[in-house]
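The structure appears right after this line, and notes come after that.
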Amino acid sequence: RSTSKAESTPDPAEQVETPVENTIPWEVFTSEQVTLLLSLEPSAALSKLCELIPATETHINLSNSITADTYLYLLHFANRKQLNETKTGALLTLFKHLLAMIKDGKSLLEVVMESSQLLTCQKDFHPKMKMDFFSKEEVISVTEYLKSTLFQHFKLYRFTLSERQEDTIISLEKIVNTCPPLGTFDPPPLAEAISDHDIEVYLNAPPPESEKEEEEEGEEGVEVGEKEAAEPAPPVISMRNVQAVLDTVGGEMLDKLARDMSTKCAEKEGQYMNRLNKVKKSMD
């Protein structure tokens, strides 16, 4: 029985491990896509990146804009260092992994150690998969690039990628001021106006007589005046009364206008003071 067990147990040295295909370079883009991106101009490459990521509304979405710009700078770095599509794809995968760590709240030291261990093949990126695509000189160049970009501006990347962006609503609504409906004024606008009868009486009034004629006719008109006293004289509005009415109405309108201007000036002054206080706080 012991002999049969020994014969059935395979020798570990004779076991051959099945090679695992290293797919690290193609986790972000395929080989064809990386080759295409490396051959495009920056403006065309940025448009293609926004389509492939996808990164929509980069003009208002800060996280998508940073992701697309980061990949664009990596493509420029790869072209400058003459990296092939495999190394470029691995570099894109590495940056995607580091950006994900920043979004998860990892510290700068953790991100630096992670990138160092991956680039020097001290740690597997995936089981049985290492980033063994770069030479020693290329590892140094990639490390310097990480130092001058991601590590140097680490707090900026962490803030823009982890903080929720406030939504800014831009309204195209137009405000049209219209007259209020009939009967809403209190008092009505024409309540204090002069009637048509009073205006006609004023316009048709006879010219004033001189003092001498008044004295001469004074005695003669005594008797006539006594007779006509019983009859009411038609109302006559003098220029003084008209001027008094206009002064009253004009004074009320000017007072209301002054109050409105004072209120608006106070509101504007408060708004400007609030803005100045915010600017002062931000500068402090």
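Considering only protein heavy atoms and a probe of 1.4 Å, how much of the accessible area of the range 5-164 is carbon and sulfur, as a whole percent?
Using a 1.4 Å probe with all protein chains present, the range 5-164 comes out at 53 percent carbon and sulfur.
If I model a spin label as a point 7 Å beyond the Cα along the Cα-Cβ vector, how far apart are those points for D198 and I175 in nm?
Result for the modelled spin labels: 3.8 nm.
Roughly what would the spin-label model give for Q122 and M283, points 7 Å off Cα along C-beta, in nm?
4.8
If you plug each phi of the range 113-122 into the Karplus form 6.51 cos²θ - 1.76 cosθ + 1.60 with θ = phi - 60°, what whole-Hz ³J(HN,Hα) values come out, in order, with x for Gly and Pro?
Values, residue by residue: 5, 5, 5, 5, 5, 6, 5, 8, 6, 7 Hz.
Rolling a 1.4 angstrom probe over the protein heavy atoms, how many square angstrom per residue are accessible across the range 121-172?
Heavy-atom accessible area per residue stands at 78 Å².
Once you've got the Cα coordinates, tell me which of K103/K136; K174/K278; K103/K147; K81/K123; K106/K147; K48/K147 are over 20 Å apart.
Long pairs (Cα-Cα over 20 Å): K103/K136; K174/K278; K81/K123; K48/K147.
The values are calculated or read from the model by the stated rules, or taken from the named source; none is laboratory data. Just so you know, these numbers come straight off a predicted model, no measurement behind them. All Cβ positions, glycine included, derive from the backbone under ideal geometry; neighbour counts span all protein chains shown. Protein only, heavy atoms only, side chains kept; ligands, DNA and RNA dropped before computing areas. Shrake-Rupley method; radii C 1.70, N 1.55, O 1.52, S 1.80 Å.
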